[in-house]
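Worksheet for the structure shown next.
The values are calculated or read from the model by the stated rules, or taken from the named source; none is laboratory data. Predicted model, so just to flag it, every value in this text is computed and none were measured. Cβ: placed from backbone, ideal geometry, glycine included. Neighbour counts: every protein chain shown. Note: accessible area is taken over every heavy atom of the protein model, side chains too, but ligands, DNA and RNA are not part of it. Shrake-Rupley method; radii C 1.70, N 1.55, O 1.52, S 1.80 Å.
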Amino acid sequence: MPQRKVKPLIAGNWKMNGLRNAAKELRRMAAQCAKSPKPKADVLVCPPVQLIWPLRETVKGSPIRLGAQDCHPKASGAHTGDVSAEMMADVGARAVIVGHSERRTDHGETSGLVRQKAEAVHGAGLTAIICLGETEAERDAGRTIRVIGKQLQDSVPADSKPQNTIIAYEPVWAIGTGRTPTLKDIEKAHKALRTRLVKRFGADGEKFRLLYGGSVKPGNATEILAIDNVNGALVGGASLKAADFIPIVQAAG
Ligand code: 13P
């Protein structure tokens, strides 16, 4: 299957969690990644922005890369309280998560704004991890595929490439709830996203990584990561502790 050629990525989204002493936990993760068997997946941790610079020493020499969460669509300017993708690149981030449902819901971010943010991430030479997913009401109304198809169309910039763009399917109702869609439903959603990517980007569409996110834990990672067109996971709560995160990394391969 073509999607098996895509190297998986396990990405941790720490959200608004982490003080400087988080280095201890990250050091534990780095040490466990160094042990055999070596991870078959790429590993990314996205801490809050103030930790990126100090933590770059902690992950040095390990397979763990650092990413960031959200950014302003502009590179610089009079935008009090905002941080640009360029600034995140400057402190050592390799990727930026944009369009997370917590941004779409808490800050009213539209897919149009998410696309501009993804363009800014590309402009800074980083990888955009673009999140999308349906609400519970949309799922109950049988609109999942339509909703995520539209979010994909409107949030993903036209010049996106598999090298600088990752799509994360995160059903809103599965985030932080311990609930997940059935394996069949995840497969269906990822297949629909893949089909749309191929339609829009041709052969390149096969190569974009499609991550699943929403209550991924050590106990369900193996079966989720084995689904066709699931090329990794975006992990929230279970990415905060090495004891949870590393088994998920090891489940990918
Ligand atoms: P949880 O893994 O805590 O459900 O969060 C998923 C998520 O929102 C990752 O971006």
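Place the peptides 17-24, 205-212 in order of packing, highest mean first, counting for every residue the other Cβ atoms within 10 Å and averaging per peptide.
Ranked by mean Cβ neighbours within 10 Å, highest first: 205-212, 17-24.
Quote the relative contact order of the chain in percent (integer), defining contacts as alpha-carbon pairs under 8 Å separated by 6+ residues.
For the chain, the relative contact order is 23 percent.
Inverting the mean 1/r over all pairs of different Cα atoms, compute the Kirkwood radius of region 93-144 and quote it in Å.
Hydrodynamic radius (Kirkwood, Cα only) of region 93-144 equals 11.8 Å.
Using the Kirkwood formula on the Cα atoms of region 36-178, what hydrodynamic radius do you get, in angstrom to one decimal?
15.9
Could you list which residues have their amide H under 5 Å from that of H72, counting only those 5 or more apart in sequence or on another chain, with H placed in the peptide plane?
Long-range HN contacts for H72: V83, S84, A85.
Counting only protein heavy atoms and a 1.4 Å probe, tell me what percentage of region 164-250's accessible area is made up of carbon and sulfur.
54
Pairwise over distinct Cα atoms, reciprocal of the mean inverse distance: report the Kirkwood radius of region 133-175 in Å, one decimal place.
Evaluated over region 133-175, this radius sits at 11.3 Å.
Semi-axes of the chain's equivalent ellipsoid from the Cα gyration tensor, sqrt of 5 times each eigenvalue, largest first, rounded to whole Å?
25, 22, 17
Region 123-253: Rg/Rh from Cα coordinates, Kirkwood Rh?
Rounded to two decimals, Rg/Rh equals 0.96.
Give me the dipole magnitude in Debye, nearest 20, for region 50-153 about the Cα centre, with unit charges on the beta carbon: positive for Lys and Arg, negative for Asp and Glu.
With Lys and Arg at +1 and Asp and Glu at -1, about 320 debye.
In whole percent, and with a 1.4 Å probe on the protein chains, what portion of the accessible area of region 59-162 is carbon and sulfur?
47
Given the rule -39500 (n - 2.57) for each run of at least 4 DSSP H residues, summed and divided by the residues of the chain, what is its mean residue ellipticity at 222 nm, to the nearest 500 deg cm²/dmol?
-11500 deg cm²/dmol
Which of the peptides 6-15, 93-102, 57-66 is most tightly packed, and how do the rest follow, judged by the mean count of other Cβ atoms within 10 Å per residue?
Peptide ranking by packing, descending: 93-102, 6-15, 57-66.
So what's region 52-126 giving for Cα Rg divided by 2.2 N^0.38 Å, two decimals?
Cα-based Rg divided by the globular estimate yields 1.14.
Using just the C-alpha positions of region 11-81 as equal point scatterers, what log10 of I(q)/I(0) does the Debye formula give at each q in 0.19, 0.22 1/Å?
The calculated log intensity ratios at q = 0.19, 0.22 Å⁻¹ are -0.77, -0.96.
What is the total of Lys pairs in region 1-70 with C-alpha atoms under 17 Å apart, excluding same-chain pairs fewer than 8 positions apart?
6
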